[in-house]
Amino acid sequence: MKFTDKLKKSKKRSRFAYLVAFIAVTYFLMTVIKGLYIWTDGSGFPLAQNINSGIKWLFAKTWIFPISNLWKTIPAIPFEGRDILSFYKVLIPPTVVFFLSALFISDHRVLRSKFYELKTEIEKEIALRELRKDAGLETINEAASIDVVISNATNDDPAWHNTGWGKVVIGVAIAAIVAAIGLK
């Protein structure tokens, strides 16, 4: 695959991964807020009462149609009790989704830095060619510009999700989410 095509494809994946990561972080924060609300409800400690009243205010301000349905359906992180499985059941899915999104984002950033490195190298070579021409040294006449060279460059490095360890990471992540959701 040509380098520029791969860069465009990874850019689209990266943008989608940013959106998915934002949704995962929002989900995680909503579960924490709902868990804090349940945990501090009816407490006699002044700090816990202030946290509870602040969360009640947040619920009142965000209780509009689509968000109110989310508040009703999203599970709360259980801060009380000894049931560690229910704690991880809420915690693992957004964490795994955020981690996978971060891998897609980092893949694009690596390709982008490689692109600029290649572009700088080509610009340097063109500048050296001009210096040789000015010094009177004989050079081979090439009419290739930077854009042509970069667009014709190929990158044979597979993306992280196409490597063996990437497939293992995706499989383990899916298994962790299924195990966390499926545990009773």
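Computed from the coordinates by the stated procedures, all read-outs in this text should not be read as laboratory data. Since the model is a prediction, treat every value here as computed from it, not as a measurement. A quick note on method: Cβ atoms are made from the backbone with ideal geometry, for glycine too, and the neighbour counts reach across all protein chains shown.
If R₀ is 35 angstrom, what is the calculated FRET efficiency for the pair Leu19 and Ala127, using the beta carbon separation as r and rounding to 0.05?
E(calc), rounded to 0.05, equals 0.30.
Rank the residues Tyr18, Tyr37 as a footprinting-exposure proxy: fewest other Cβ atoms within 10 Å of their Cβ go first.
Working: Tyr18 15, Tyr37 18.
By the 10 Å Cβ count, ascending: Tyr18, Tyr37.
So if I take the centroid of the Cα atoms in the stretch 1-51 and the same for the stretch 108-126, what is the distance between those two points in Å?
33 Å
Of all the C-alpha pairs in the chain, what % are more than 28 Å from each other?
Summing the P(r) tail past 28 Å for the chain gives 52 percent.
Going toward the positive end of the dipole of the chain, with +1 on Lys and Arg Cβ and -1 on Asp and Glu Cβ, which of Ile174, Trp39, Pro94 do you reach last?
Trp39
Can you tell me the dipole magnitude for the stretch 44-122 around its Cα centre, using point charges on the Cβ only (Lys, Arg +1; Asp, Glu -1), in Debye to the nearest 20?
Roughly 200 debye for the stretch 44-122.
For the chain, give the magnitude of the charge dipole about the Cα centre (Cβ charges: +1 Lys/Arg, -1 Asp/Glu; no others), in debye to the nearest 20.
Numbers: 24 positive and 16 negative charges, 157 e Å.
That gives the chain a dipole magnitude of about 760 debye.
With r defined as the distance between the Cβ atoms of Glu117 and Thr62 and R0 fixed at 41 Å, what FRET efficiency is calculated, to the nearest 0.05?
It comes to 0.35.
For the chain, find the longest principal axis of its Cα atoms and tell me its angle to the long axis of helix 84-135, 0 to 90°, nearest 10.
Between the helix axis and the principal axis of the chain, the angle is about 20 degrees.
From the C-alpha gyration tensor of the stretch 30-108, pull out the three semi-axes of the equivalent ellipsoid (sqrt of 5λ each), sorted largest to smallest, in whole Å.
For the stretch 30-108, the semi-axes come out at 27, 18, 12 Å.
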